[in-house]
1. If you take the Cα atoms of the chain, find Rg, then find the Kirkwood Rh from the mean of 1/r over all pairs, what is Rg/Rh?
2. Would you order His106, His132, His84 from fewest to most other beta-carbon atoms within 10 Å of each residue's own beta-carbon?
3. With bins 10 Å wide starting at 0, give me the P(r) of the range 133-286 over every alpha carbon pair, in whole percents.
4. How high is the relative contact order of the range 2-137, in percent, counting Cα pairs under 8 Å that sit 6 or more residues apart?
5. Report the extension gain between Ala238 and Ala50 in nm, rounded to one decimal, defined as 0.36 nm multiplied by the number of residues separating them, less their alpha carbon distance.
6. Could you give me D for the range 61-196, from Stokes-Einstein at 20 °C and 1.002 mPa s, where the hydrodynamic radius is the Kirkwood radius over C-alpha pairs? Units µm² s⁻¹, please.
7. Over 19 Å apart: what share of the alpha carbon pairs of the range 1-62 falls there, rounded to a whole percent?
8. Please report the relative contact order for the chain, taking Cα pairs under 8 Å with a sequence separation of at least 6, and give it as a percent rounded to a whole number.
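We did not get these values from a lab; they are worked out from the coordinates using the rules stated. Only a predicted model underlies this, so the values are computations on that prediction, with no experimental measurement involved. Positions of Cβ are backbone-derived with ideal geometry, glycine not excepted, and every protein chain shown enters the neighbour counts.
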Amino acid sequence: MFAITGATGQLGRLTITSMIERQPQSRVVALARDPARAANLAASGVEVRAFDYDAPDALADALAGIDRLLLISSDDVARRTDQHRAVIKAATTVGVGFIAYTSVLHADTNPLSVAPSHRATEAMLRDSGIPHAILRNGWYSENYLIGADAAIAQGTLLGSTGTGRISGAARADYAEAAAAVLAAGAAASGVYELAGDEAFTLSDVAAALAEVSGRPVVYCDLSEANYAQALEQGGVPAAFAATLAGFSAGAAGGILADDSRALSRLIGRPTMPLREVVRRALASVAA
Ligand SMILES: NC(=O)c1ccc[n+]([C@@H]2O[C@H](COP(=O)([O-])OP(=O)(O)OC[C@H]3O[C@@H](n4cnc5c(N)ncnc54)[C@H](OP(=O)(O)O)[C@@H]3O)[C@@H](O)[C@H]2O)c1
């Protein structure tokens, strides 16, 4: 029996869909912080269990009977090391046979603020003795669609990545990879640097927005401080603006680029090109 945490999140939902497509006969359990938000999963026949990383005493019972677990990293970066520790402890208690964990690309050398908690979780998994796979996911291409409407309206995409390359991939590609690894189980143990086949710069993102929207969009590179300020002026809360600007500047050195093509090998097809991700997103907004 397979289980997926963060089942009501974006990656979780896509992974469950991919898992069911891949292995229609298998039992997939959706682990949701708030099961009420998983009503549509339950309606489609997926077993839903309550699973809140912040309720450590309830985690082992929720994992009863689970052979393979996908631990989707919490979005609470400040607290997730402890949250993940609780999940791994519960998995050890009930004898889960395999864990796949969604980490970050090049976690061991990644300077971004999200990386230390991923490194800590990877270390906990190594120490647990449970067979495991580390899915070091690169950036979602969809990250660059946040604020795309403003960029198209103003004709300017802002950032502080310079000419840094980013091997982004669609969330659905990472989800398919997670499902493939979960389906393979302990035989797929290892560390995977997962990234899109195509590396793009933010000038390429601006060009894709321009091509798909039919409106001129150019990339304007700012210092990290000026980009944070611009985000704040656009209504992003100060702390989050600083985090986003830190990501953007941190990517300038190429840490989010990777030419290994491990992701396309895992999913058995090329990753979705940036232009297609942009086309689908703008089409869904227009619909
Ligand atoms: N590679 C990238 O570009 C990128 C970008 C953003 C995030 N990430 C990381 O990748 C993860 C998955 O991405 P995503 O797009 O699916 O993010 P998402 O849609 O925000 O999903 C995060 C999931 O974590 C769950 N969660 C948070 N706190 C929890 C808790 N205390 N107990 C149980 N579940 C909890 C959320 O539950 P609810 O559904 O109840 O909110 C949600 O299902 C994120 O959590 C983050 O660590 C990666």
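1. Values: Rg = 19.2 Å, Rh = 19.6 Å.
Taking Rh as the inverse mean 1/r over Cα pairs, Rg/Rh reads 0.98.
2. Numbers: His106 19, His132 26, His84 23.
By the 10 Å Cβ count, ascending, the order reads His106, His84, His132.
3. 12, 37, 33, 15, 3
4. Details: 224 pairs, mean separation 28.4, N = 136.
Once divided by the residue count of the range 2-137, the mean separation gives 21 percent.
5. Values: separation 188, 0.36 × 188 = 67.68 nm, distance 3.33 nm.
This chain segment gains 64.4 nm when fully extended.
6. Numbers: Rh = 16.2 Å.
Calculated translational D: 132 µm²/s.
7. Values: 433 of 1891 pairs.
So the portion of pairs separated by more than 19 Å is 23 percent.
8. Numbers: 567 pairs, mean separation 53.6, N = 287.
Over the chain, the number comes to 19 percent.
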